[in-house]
Amino acid sequence: MTKKIMVLPCSGIGKAYGEISRQAAYELIDDIRPEDVTTACLGRFMIRDSEVVEQAKNSFIITVDGCAKECALKNVEAAGLKVDKAVRTIEVFKEHRDLKPEGVLQLGEPGFKLAHILAQKLAGEVDCLMKEEG
């Protein structure tokens, strides 16, 4: 049986790059790789929810952090789990500085384009992890 891949975006509430992280994860899960990718609420890792931690133990884990604080990465590791790939939204933005989000509540066209680019990058990471297992 092929392992699922769990993508965990940051909870950067009130931060544009946190919102971009979430939008990219949703695009990946809903549109690009729905059969291979799942997610969970990051807060459930913070409280060490046994159901979600057990699900994650049987998955490859990709974290997507909006900023250098790396809350998604740190919370997953604090729950005793290994992160297979950590992605930072800001690194993708550095490659596409022309795509500055307009704001938090309204990312605007540039912000959504950046989320789409990030979703495509995440799809590539999913493909790499699936090849490793295969």
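General remarks:
- Each label was represented as a point 7 Å from its Cα along the Cα-to-Cβ direction; for Lys82 and Ser50 these points are 2.4 nm apart.
- Which of Thr39, Thr2 is most accessible, then next, and so on - probe 1.4 Å: Thr2, Thr39
- Check: segment 3-134 dipole with +1 on Lys, Arg Cβ and -1 on Asp, Glu Cβ, in debye: 400
- Judged by the mean number of other Cβ atoms found within 10 Å, the most tightly packed of the peptides 17-29, 91-103 leads the ranking 17-29, 91-103.
- Proximal charge balance of Ala79 [Cβ under 15 Å; K/R count +1, D/E count -1]: -1
- Cα-based Lys pair tally, the chain, threshold under 13 Å, eight or more apart or on separate chains: 12
- Taking each DSSP H run with n ≥ 4 as -39500 (n - 2.57) and averaging over every residue of the chain yields -15000 deg cm²/dmol at 222 nm.
- Its residue count N fixes a reference of 2.2 N^0.38 Å for the chain, and the Cα radius of gyration divided by that reference is 1.00.
- Distance between the modelled labels on Glu133 and Asp30, one decimal in nanometres: 2.4 nm (7 Å Cα→Cβ projection).
- For segment 18-74: rounded, prolate or oblate by the Cα gyration tensor [a/c cutoff 1.5]: oblate
- Our summary gives the chain a relative contact order of 31 percent, counting only alpha carbon pairs under 8 angstrom and 6 or more residues apart.
The values are calculated or read from the model by the stated rules, or taken from the named source; none is laboratory data. Just so it is clear, the structure is predicted and the values come from calculations on it, not from any experiment. FYI the Cβ positions are ideal-geometry reconstructions off the backbone, even for glycines, and counts take in every protein chain you see. Calculation scope for accessible area: heavy atoms of the full protein, side chains included, ligands and nucleic acids excluded. Shrake-Rupley method; radii C 1.70, N 1.55, O 1.52, S 1.80 Å.
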